[in-house]
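Before any comments, here is the structure.
Just so it is clear, none of the values below were taken in a lab; they were calculated from the coordinates. Note that the coordinates shown come from a computational prediction; the quantities given were computed from them, not determined experimentally. Here Cβ is always computed from backbone atoms with ideal geometry, including for glycine, and neighbour counts include all displayed protein chains.
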Amino acid sequence: MSDLAVPIEYDNWATEKLAQFCAALSPEQRALTTPGTMGTIEATLIHLVGAKERYAAALQGTAPPDDAVRETTTKDLGQVVARAKKLSEWFAGFAKGDLDLDRVIERRGADGTTQRMPMGILIAQFLHHGNEHRAQLGSIFGANGIEPPHYSAFHWGHELGKIS
């Protein structure tokens with residue numbers, strides 16, 4: 001099992017928890033935003049899960065699947081929740097393997113160019129990205145009086161019974 005299993009499992013738990021929470025909000029609530037965030041609750045969640053899918057594809061050396069969660073086409077939050085769960089399963093298995101963090105990964109950057117980087121850098125970005133957008137969702141919830149679920153790593157540790 002890699003040393004990254006714990007942070008990846010936390011990312012899986014937190015993303016799934018927020019995906020389920022966001023999907024249960026009303027359409028009006030999912031359309032809320034606040035300054036300093038990337039967009040609405042719905043757009044941020046779709047981006048978060050879609051990007052996680054693109055990180056998984058890069059780590060596998062493949063293209064995202066044809067039915068991937070995409071910011072431009074995905075409208076069904078049920079699909080987003082299901083994909084978050086499927087990605088969690090894949091990342092959990094991935095994290096249990098022996099990871100060569102120096103192995104060079106290729107991925108298409110936002111500007112369309114091919115980027116080459118060590119696997120460890122891509123994983124660090126993946127974990128940062130999840131935290132960044134979960135924090136943005138928390139800002140939107142707070143600014144609009146929505147009480148979110150607890151999704152900190154400490155809360156996760158309490159749920160696992162590993163913090164007393």
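Observations on the structure shown:
- Inter-probe distance in nm under a simple model that places probes 7 Å from Cα toward Cβ, at Ala153 and Asp98: 2.6 nm
- Around the amide H of Ile105, modelled in the peptide plane, lie the amide H atoms of Met117, Met119, all under 5 Å away and 5 or more residues distant in sequence or on another chain.
- Cα-Cα over 20 Å, subset of Lys85/Lys162; Lys17/Lys96; Lys17/Lys86: Lys85/Lys162; Lys17/Lys96
- Computed [θ] at 222 nm, deg cm²/dmol, the chain (DSSP H ≥ 4; -39,500 (n - 2.57); rounded to nearest 500): -19500 deg cm²/dmol
- Here the contact order of the chain, divided by its residue count and restricted to Cα pairs under 8 Å and six or more residues apart, works out to 33 percent.
- Span-like helix ranges in the chain, DSSP H, alpha carbon extent 15 angstrom or more, Kyte mean at least 0.0: 5-24, 41-60, 77-96, 119-143
- Counting Lys and Arg as +1 and Asp and Glu as -1 over every other residue whose Cβ lies under 12 Å from the Cβ of Arg134, the net charge comes to -1.
- Residue order for Phe91, Phe154, fewest other beta carbons within 10 angstrom first, comes to Phe154, Phe91.
- With a Förster radius of 41 Å applied to the C-beta separation of Glu71 and Ile163, the computed FRET efficiency comes to 0.70.
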